[in-house]
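Below is one structure, written out as structure tokens; the observations come after it.
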Amino acid sequence: MSPLKKKKSPWNMGEYTPTKEELKAYAWCIRNNIIIAPLAKAEGCWLIEITINGKKNRSPEEFIRNVIWEKLYQYCKYYYDKYDKKI
């Protein structure tokens, strides 16, 4: 392996390009004190932690590389759709 080429770490979360709608939902969640973030459980395995007004919950499912980002934005969209007009 070339010294210029980095080896991917097992903690690498991969890449994901969110849509404009997903970014809008993510920003809305932050503005409304709904924090949704990945939480490392083990190498190559993550949970999603959701904090709403200081109360934390974790996803029952574990997610792998690349899937973690897609799921994070799905949660953002869920809360945006559920509470946008109510908050």
Going residue by residue through the range 1-17, is there one that turns out to be at negative phi, among the hydroxyl-bearing types (Ser, Thr, Tyr), outside any helix (DSSP H, G or I) and modelled with pLDDT of 95 or more? no
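Results for (1) touching a residue at least 40 places away in the same chain (Cβ under 8 Å); (2) among the charged types (D, E, K, R); (3) surrounded by fewer than 12 Cβ atoms within 10 Å (Cβ to Cβ); (4) on the phi > 0 side of the Ramachandran plot, shown as yes or no for each residue.
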residue	(1), (2), (3), (4)
Lys41	no, yes, no, no
Cys45	no, no, no, no
Gly54	no, no, yes, yes
Phe63	no, no, no, no
Trp69	yes, no, no, no
Gln74	no, no, no, no
Lys77	yes, yes, no, no
Lys82	no, yes, yes, no
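The values are calculated or read from the model by the stated rules, or taken from the named source; none is laboratory data. Since the model is a prediction, treat every value here as computed from it, not as a measurement. As a convention, Cβ positions derive from the backbone with ideal geometry for all residues, glycine included, and neighbour counts pool all protein chains shown.
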